[in-house]
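Heads up, the thing below is written out as structure tokens.
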Amino acid sequence: MDDQATAKVLDALGDPTRRAVLELIRGGARPVGAIAAELPVSRPAVSQHLHVLKEAGLVRDRKEGTRRLYSVDPRGLAELRRYLEGFWDTALVAFKDAAEGNEAAAPQAEGDRKGAKG
């Protein structure tokens, strides 16, 4: 995920209403009206939130008759997961180093805690 795409995804998920929308469509495709019925915002507001989520690559839509159904885009979530796993990998390496007694990182962290207390 490039920096601009990452920023779009994280910005999109920074809004609690958009996170709620994503949660609602997690179980399957839903039309705007059904999503809006579950939220304390108007249907036009839900449409705007869906637009932002779609632009970020987290939501996709398909036309069915006269309405559009919105669902989670697994490709966007896979990209987000890859991005976040980079942090997890770094944390695991640090944990491994600490568990194996590598003194390079552990004393610095201990010193930071002491400095923060007093």
For residue 47, the lone unmet condition from (1) in a helix (DSSP H, G or I); (2) touching a helix residue (DSSP H, G or I) at 6+ places or on another chain (Cβ under 6 Å); (3) buried (at least 18 other Cβ atoms within 10 Å of the Cβ) is (3)
Segment 92-102 - residue that is of a type outside the set (Phe, Trp, Tyr) and surrounded by 10 or more Cβ atoms within 10 Å (Cβ to Cβ) and, of those, modelled with the lowest pLDDT: 102
Tally, over segment 1-17, of residues that are of a type in the set (A, V, I, L, M, F, W, C) and in a loop (DSSP other than H, G, I, E, B): 1
Residue check, residue 61 surrounded by 12 or more Cβ atoms within 10 Å (Cβ to Cβ) and at pLDDT below 95: no
Hey, does segment 55-65 have a residue that's assigned to a helix (DSSP H, G or I), assigned by TED's automatic domain parsing to the domain that holds residue 28 and either among the small types (Gly, Ala, Ser) or more than 22 Å from residue 4 (Cβ to Cβ) (or both)? no
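The values are calculated or read from the model by the stated rules, or taken from the named source; none is laboratory data. Model, not experiment: these values are computed from the prediction. Cβ sites come from the backbone with ideal geometry, for glycine too, and all protein chains shown count toward neighbours.
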